[in-house]
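The values are calculated or read from the model by the stated rules, or taken from the named source; none is laboratory data. Fair warning: this is a prediction, and the values are worked out from it, not measured in the lab. Cβ sites come from the backbone with ideal geometry, for glycine too, and all protein chains shown count toward neighbours.
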Amino acid sequence: MTKSLHLGDLRIPITDYASQGNAILGIRDSGKSYTATWLADLERRLATAKTAAPAPEIQRVEIPVLSAGDYRQLTEVVSHARTTSAQLQQTVNDLQQHASRLENALKLTRTAPSAARPAPPPRPPTLHPPPSTPKPPVNSDDTTALLRGERGILQALARCHPMRLTLSQIGRLAGQSLKSSSFKQYVRNVLRRGLIEESDYEYSLTQAGMAAADFVPQSPQTYQEKLEMWRSALLAGERAIFDYVLQCRPEYVHVDTISAATGQSLKSSSFKQYLRNLKRNGLFDSYGDHVRISQTLFT
């Protein structure tokens, strides 16, 4: 059975009620104080933020507006600049064309400076007989024992006698290659036997060599005969170059003009070799890129 509890039955000292009430009031007052402090701090921080941040400044930007007259003048200036640019470009093109014509005319010029003297063509090395071998006396048995190549050398010199020839000229007139070992041996043989003699890289026949050549040239030999003799010894391409330069005598002729006149390519290795052969054989005098017929052919 449940026992009822009445307020009268609770005997609590009055002093306890007083202390408990004071505690509750203290908590209330303390909360009010904390809240007031917190609000004051927030107000202070807000005031500081308003002071530090400057108010936004509205900037004014002015955009120029062209009047109708200004726009028309500006359009005329642009149009004039374009016209001037086109005229300058046309002038540059005309100058380039004139420069090209001048270059072509300079290449095709025939006459070289008269004061300059052409350099002599390089001469091949001299083929001397061995120094240890004495020259035996020439007799009829030696002349009958000539090889065909040796006799060809003697006859080439006899055709130009008393003119002296270089090894390159002898080889060309004799129809033998200058680089051939047989040709070099033939020259050494006739030198050793006293049929030819050498002086300053040029060769000529001795009296014994003239007899051994079995060839009697016409005397005196005209320059027409000399020219025909050389023409008959030249290759077809060399002969074409020789004939054209001969027509231009005594003027120098540029190699570009020779190439165009003979129908031979300027860049062709054969054309370049033909020119080298003609100069090496003493048929052409040269000055830079210009050549002319050697004056020795007419003396």
Please give the strands (runs of 3 or more DSSP E) falling wholly within region 187-290 in which 3 or more residues are surrounded by 18 or more Cβ atoms within 10 Å (Cβ to Cβ), in the same structural domain as residue 163 (by TED's automatic domain parsing) and without any contact (Cβ under 8 Å) to a residue 24 or more places away in the chain. none
If we keep just the residues of region 214-233 that are modelled with pLDDT of 80 or more and of a type outside the set (S, T, N, Q), which is farthest from residue 278 (Cα to Cα)? 228
The lone condition residue 79 fails out of (1) hydroxyl-bearing (Ser, Thr, Tyr); (2) in contact with a His (Cβ under 7 Å, 6 or more places away or on another chain); (3) modelled with pLDDT of 65 or more is (2)
